[in-house]
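*Asks:* The structure that follows is given in the form of structure tokens.
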Amino acid sequence: YASHKQRFLPSQLDMPGEHPSWIVCNVSCDHPSVPEGTSGYTRATIEVVLFCQTVCDKTDPTRKDVSCKIVYSASVNPGGWAPASAVRAISQREYPKFLKKIATFAIDHVKKSEIKY
């Protein structure tokens, strides 16, 4: 199990106060109705952080003037040993799928709405 934790100073994130920002954190948790070890499966744990920042420096922007910075970090413990080559292969396949899926969702969600900036 390898974990990577990075702490950023505000100056490293390039996030001046006038740009709206959001952060979503997801953490695995135990639940009393499903005690660990009772199902016969190994339970993976995960910590995920998604930071989004809307960027636009024009006073009367069009949709093309608005962009979004995204920082995504995930720490996954598969609950047992896994070969590094398998972890790399899965990461290289799944991460681009995730990026495409979240970008498509974001574009579809806002393309017909007014700019609220």
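*Asks:* Which members of region 100-117 meet the condition of being under 13 Å from VAL66 (Cβ atoms), in a loop (DSSP other than H, G, I, E, B) and not aromatic (Phe, Trp, Tyr)?
*Replies:* If the condition is that a residue be under 13 Å from VAL66 (Cβ atoms), in a loop (DSSP other than H, G, I, E, B) and not aromatic (Phe, Trp, Tyr), then LYS111, SER113, GLU114, ILE115, LYS116 are the ones that fit.
*Asks:* Hey, another quick one. Which residues, counting only those in region 25-66, are open to solvent by less than 60 Å² (accessible area, probe 1.4 Å) and under 30 Å from GLU114 (Cβ atoms)?
*Replies:* VAL49, LEU50, PHE51, CYS52, GLN53, THR54, VAL55, CYS56, PRO61, ASP65, VAL66
*Asks:* Same structure again: Give me the residue from region 67-93 that is assigned to a helix (DSSP H, G or I) and open to solvent by less than 70 Å² (accessible area, probe 1.4 Å) and, out of that set, nearest to TRP22 (Cα to Cα).
*Replies:* SER91
*Asks:* Among the numbered criteria (1) open to solvent by less than 70 Å² (accessible area, probe 1.4 Å); (2) under 12 Å from the mean Cα position of the chain (by Cα), which single criterion is violated by SER113?
*Replies:* So SER113 meets the others, but not (2).
The values are calculated or read from the model by the stated rules, or taken from the named source; none is laboratory data. All of these numbers come straight from a predicted model, not from anything done at the bench. Glycine also receives a Cβ, built like all others from the backbone with ideal geometry; neighbour counts cover every protein chain displayed. Ligands, DNA and RNA are stripped out before the accessible areas are found, and what is left, the full protein with its side chains, is counted by its heavy atoms. Shrake-Rupley method; radii C 1.70, N 1.55, O 1.52, S 1.80 Å.
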